[in-house]
Amino acid sequence: MSYDLIVTGSGPGGYVCAIRAAQLGLKTAVVEKNATFGGTCLNVGCIPSKALLHASELYEEAGSGFAKMGIKVGKPSIDLSSLLAYKAQNVKSNVDGVAFLFKKNKIETFHGTGRIAAPGQVEVKADDGKTQLLETKTIVIATGSDVARLPGIDIDETRVVSSTGALELSKVPQKLLIVGAGIIGLELGSVWRRLGAEVIVVEFLDHILPGVDGEVAKQFHRMLQKQGLTFKLSSKVTSVDASGKTLKVKVEPASGGAAETLDADIVLVAIGRVPYTDGLGLEAVGVKKDNRGRVIVDQHLRTNVAGIYAIGDAVAGPMLAHKAEEEGVAAAETIAGQAGHVNYDVIPNVVYTSPEIASVGKTEEELKAAGVAYNSGKFPFSANARARANLATEGFVKILADAKTDRVLGVHILGPDAETMIAEAAIAMEFGASSEDIARTCHAHPTLTEAVKEAALAVAKRAINF
Ligand SMILES: Cc1cc2nc3c(=O)[nH]c(=O)nc-3n(C[C@H](O)[C@H](O)[C@H](O)COP(=O)(O)OP(=O)(O)OC[C@H]3O[C@@H](n4cnc5c(N)ncnc54)[C@H](O)[C@@H]3O)c2cc1C
């Protein structure tokens, strides 16, 4: 069997790449080692976590938010198995959707582990051990990432879990200890805290959410504490003793010193993810990786071996589904002879907690480090009419614009529905907008998006409502 393109991996990078290639007339096949398509994102990442975040947020709202608006409901309760079934159904409809799209676009699919036997050859080993050799003009590596592990701490996915196990807990833990205050740890911590767990987060750094704008992270840290999460910053987990009924977790200061032992029912290890290229045979064909195991690619997503490309979590850059998708499209277009391109300056990042955090472009810390002169405009949701009506006034919008040209360099939103509002900022930045452009764009009233317009006005110190 011979193809123009074989994509190994059907996550958001791989499946989008395959569909775009098929649209462009390439004879395309996908190799996937999982039973279902969709990769980390659809099976054990974005989709199931957002289902749990959505349901747990409504549960909390029904329990405490409704009464403030005069809506009386009885004390809500959680049927955890139904909640997990709703999440599973959500995952199923999404992964089935990818299978449907493959058929619709006449993409051939192979279930099994793909190995690059040679440039132009992919061997597929099925679960029963049978192998098949496929011929192809080009290969895209889209094998994604895996959970990063802590040395000496075994993840059994029952009591010591990764994000995958934390999406499947069979009962609400009394005490959940999370290692790592990154996006995944805080999202899943929020879910289980809302459902009734006592949550403590241990973080090596002296702040939460590394990479997020410092002012946003600081204010959000305070909000999470108000919600009931406990933090141990500048601390490291060195061991977990699982021999007794309760997990005994040893926590030391990050810089070393006396350890303390904390009890927990569940420990969630959420210290990040590492690129996954095991079993692909990259060494044998000579595809180079960097010192963090990421496949090295040029700006056209080409590896050092002709005809082999790589995208998504398997290469450098933010480990995000939409970044993988953009790279999938760019790789397919390049392979088809078009000018595939990804604008890495405009990749939004969202933390789906309550309130949400969404950002695009540079943080203040990054601009300072690069010596870029900028103006900042900030507008609080407490001064936005719609946020007040919705009783969701925490947070702010901050816009950073070049001091000389006024071009928008970064937008940071901490507040309700930040995930939706960040798209306006991304489009503005993609078009090279100035803060003046956003400030002079008519925004509907009363909407949360008026806070974006007001933050843009605030860059020139002329916000109207604050
Ligand atoms: C809990 C959690 C929540 C997340 N939430 C978000 C979010 O809200 N938004 C967001 O943007 N990102 C989120 N992410 C990150 C997102 O899931 C990843 O960035 C994204 O899935 C990367 O896509 P990918 O296509 O590169 O790889 P993956 O989605 O990891 O897919 C890789 C696929 O390759 C397959 N594979 C691997 N090796 C082989 C082989 N040799 N042969 C055949 N198949 C192979 C794997 O089985 C897998 O299906 C989340 C991640 C987690 C864990």
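The values are calculated or read from the model by the stated rules, or taken from the named source; none is laboratory data. Not measured: the values here are computed from a predicted model. For neighbour counting, all protein chains shown are included, and Cβ atoms are generated from backbone atoms with ideal geometry for every residue, glycine included. Accessible surface is based on the protein model in full, side chains and every heavy atom, while ligands, DNA and RNA are left aside. Shrake-Rupley method; radii C 1.70, N 1.55, O 1.52, S 1.80 Å.
Each DSSP beta bridge with both residues in the range 65-218 is either parallel or antiparallel, and the antiparallel ones are about 65%.
A probe of 1.4 angstrom, applied to the heavy atoms of all protein chains, finds Val305 with accessible area near 20 square angstrom. Per residue, the range 369-466 exposes an accessible area of 47 Å² to a 1.4 Å probe, with every protein chain left in place. Spatially, the range 168-221 and the range 278-325 are offset by 30 Å when compared through their Cα centroids.
Phi-derived couplings, Karplus 6.51 cos²θ - 1.76 cosθ + 1.60 at θ = phi - 60°, listed residue by residue for the range 258-266: 5, 8, 10, 10, 10, 8, 7, 7, 10 Hz, with x used for Gly and Pro.
Measuring nothing but how far apart in sequence close Cα pairs (under 8 Å, 6+ apart) lie, relative to its length, the range 389-466 scores a relative contact order of 28 percent.
Bridging of Lys236 to lysines at a Cα separation below 27 Å is possible for Lys171, Lys175, Lys218, Lys226, Lys245, Lys248, Lys250, once same-chain residues fewer than 8 apart are set aside. Taking every lysine pair in the range 252-410 that is 8 or more places apart or spans two chains, those with Cα atoms closer than 17 Å amount to 7. Taking amide H positions as modeled 1.01 Å from N, with prolines and chain starts lacking one, the residues under 5 Å from Lys27 and 5 or more places away or on another chain are Asp4, Leu5. Across the options Phe204, Gly272, Gly63, the greatest Cα extent toward the positive end of the charge dipole of the chain (unit charges at beta carbon of Lys, Arg, Asp, Glu) belongs to Gly63. Straight Cα distances below 19 angstrom link Lys106 to the lysines Lys27, Lys137, with same-chain residues fewer than 8 positions distant left out. Of all lysines in the structure, those lying under 20 Å Cα to Cα from Lys92, and not within fewer than 8 positions of it along the same chain, are Lys33, Lys50, Lys103, Lys104. Normalising the average separation of contacting C-alpha pairs (under 8 angstrom, six or more residues apart) by the number of residues puts the relative contact order of the chain at 14 percent. Near Ile347, the amide H atoms lying under 5 Å from its own belong to Gly361; only residues 5 or more places off or on other chains count, and H is placed 1.01 Å from N.
Placing R0 at 25 angstrom, the Cβ-Cβ distance between Ala258 and Lys226 gives a FRET efficiency of 0.25 after rounding to 0.05. 3J(HN,Hα) couplings calculated from phi for the range 330-337 with the Karplus curve 6.51 cos²θ - 1.76 cosθ + 1.60 (θ = phi - 60°) are, in sequence order, 4, 5, 4, 5, 5, 4, 7, x Hz; Gly and Pro show x. For the chain, excluding the exposed loop sites themselves (trypsin sites (Lys or Arg not before Pro), DSSP loop, at most 14 other Cβ atoms within 10 Å), the longest remaining stretch covers 293-403. Working note: Karplus 6.51/-1.76/1.60 with θ = phi - 60° gives the range 405-419 the couplings 9, 6, 4, 6, 10, x, 9, 10, 10, 10, x, x, 6, 4, 4 Hz, where Gly and Pro are set to x. For the chain, DSSP calls about 60 percent of its internal beta bridges antiparallel. Convex hull volume per residue, computed on the Cα atoms of the range 271-310, equals 77 Å³.
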